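Report on one structure; see the data block that follows.
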Amino acid sequence: MPKDCDLVVAQDCTTDLNFLVLMRENTNNKTEIAIRTPIGSLHMNYKTSGAPRMKLNDSPISVSALPLMDASGTLLIEKSQDGIVIQAPTLGLHSLFFDGKTIKVVIESWMRGKTCGLCGQADGERNIEFKKPNLQRAKSPVHFLSSWVLQGEACSDSCNLRRQQVKLEKMVHVLGAQSKCHSLEPILRCREGCSPTRTAEHSLGFHCTPLGTVGEYRSTFNSKTVHVEEFVDTHISCFCNTNECTAD
């Protein structure tokens, strides 16, 4: 799992965007979650001691104060025997359970087919899993997970990964022509000025075009065609020198 980057666990994918559930794994292998709603946000993780640590709209919440309802009467936070349970039924989020390691999201019945993220669309479909944000099916769990990572935008962001198209370093022959190849999909790479500290290898499809030609091969070399599949490294965590990091 990419370090220090938010992943979309589940969200309301309608234009209302009533809730967004995010998780991240920090460099200490601790899992954090965040729930964003139109009325505010809740952040939660667990201390080394095993005690939950929470902030509602940036204000700390003590476990002793639970159960707690937010000022709007929308978000209910309770302590269960094993962890913390958050409920926001009017927003479509029936419940969210978190114990520091396990996240369980249950949506209201009227939200079925209207969600997206790692938990899917909740539409009962079991044959077409691993849908990416563009609704295409990911080829592998690694592709699927990477597609739901929220990339960093600035050098100050904790997430130093961004999506990049990659070029195949070697030349190949496709349809009898020496060609250069670029990935059809972007993969996660450390931003410029940062170096990878952990990587994972996975298969990626490349589209190729003949060297020194443009127009005459367009009909043959369809832009959607996968000509070559190669194993490449996707970056999981990065080390950045803030003096060298550059933002687009």
* Looking at R189, is it within 16 Å of the chain's Cα centre (by Cα), in a strand (DSSP E or B) and either at positive phi or surrounded by fewer than 16 Cβ atoms within 10 Å (Cβ to Cβ) (or both)? -> no
* **Residue ranges of strands (runs of 3 or more DSSP E) in the stretch 145-184 with at least 1 members among the basic types (K, R)** => 161-164, 177-183
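Residue by residue, here is whether (1) touching a helix residue (DSSP H, G or I) at 6+ places or on another chain (Cβ under 6 Å); (2) of a type in the set (S, T, N, Q) holds:
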{"position": "V9", "(1), (2)": "no, no"}
{"position": "T15", "(1), (2)": "no, yes"}
{"position": "N18", "(1), (2)": "yes, yes"}
{"position": "N26", "(1), (2)": "no, yes"}
{"position": "E32", "(1), (2)": "no, no"}
{"position": "G40", "(1), (2)": "no, no"}
* **Breaking point among (1) assigned by TED's automatic domain parsing to the domain that holds N28; (2) closer than 28 Å to K47 by Cα; (3) touching a residue at least 60 places away in the same chain (Cβ under 8 Å), for T102** => (3)
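Each row is one residue, and each column tells you yes or no for (1) under 25 Å from G152 (Cβ atoms); (2) touching a strand residue (DSSP E or B) at 6+ places or on another chain (Cβ under 7 Å).
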| site | (1), (2) |
| --- | --- |
| L22 | yes, yes |
| G50 | no, no |
| D58 | yes, no |
| S72 | no, no |
| A88 | no, yes |
* Asked: List pairs: first in the stretch 68-81 and without any contact (Cβ under 8 Å) to a residue 40 or more places away in the chain, second among the small types (G, A, S) and outside any strand (DSSP E or B), Cβ under 9 Å, 6+ apart or cross-chain?
  -> I77/A65
* Out of M23, M1, report the one residue that is at pLDDT 95 or above and either of a type outside the set (K, R) or part of a strand (DSSP E or B) (or both). => M23
* Please work out which residue is farthest from S179 (Cα to Cα), limiting yourself to the stretch 210-248 and to residues that are modelled with pLDDT of 85 or more and of a type outside the set (A, V, I, L, M, F, W, C). => S237
* Evaluate the stretch 124-131: report whether one residue or more is assigned to a strand (DSSP E or B) and either surrounded by fewer than 18 Cβ atoms within 10 Å (Cβ to Cβ) or free of Cβ contacts under 8 Å to residues at least 40 places away in the same chain (or both). => yes
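Yes or no, residue by residue, for (1) under 29 Å from F239 (Cβ atoms); (2) in contact with a Lys or Arg (Cβ under 8 Å, 6 or more places away or on another chain); (3) of a type in the set (S, T, N, Q); (4) surrounded by fewer than 16 Cβ atoms within 10 Å (Cβ to Cβ):
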{"residue": "P38", "(1), (2), (3), (4)": "no, no, no, yes"}
{"residue": "Y46", "(1), (2), (3), (4)": "yes, yes, no, no"}
{"residue": "N57", "(1), (2), (3), (4)": "no, no, yes, yes"}
{"residue": "S64", "(1), (2), (3), (4)": "no, no, yes, yes"}
{"residue": "G73", "(1), (2), (3), (4)": "no, no, no, yes"}
* To do: Being closer than 30 Å to M69 by Cα, surrounded by 17 or more Cβ atoms within 10 Å (Cβ to Cβ), under 16 Å from the mean Cα position of the chain (by Cα) and at pLDDT 85 or above narrows it down to one of I107, I103, so name that one.
  => I103
* Asked: Does L56 satisfy being farther than 24 Å from G120 by Cβ, in contact with a Ser or Thr (Cβ under 9 Å, 6 or more places away or on another chain) and in the same structural domain as D16 (by TED's automatic domain parsing)?
  -> yes
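The values are calculated or read from the model by the stated rules, or taken from the named source; none is laboratory data. Not measured: the values here are computed from a predicted model. Neighbour counts run over all protein chains shown; Cβ positions are idealised from the backbone, glycine included.
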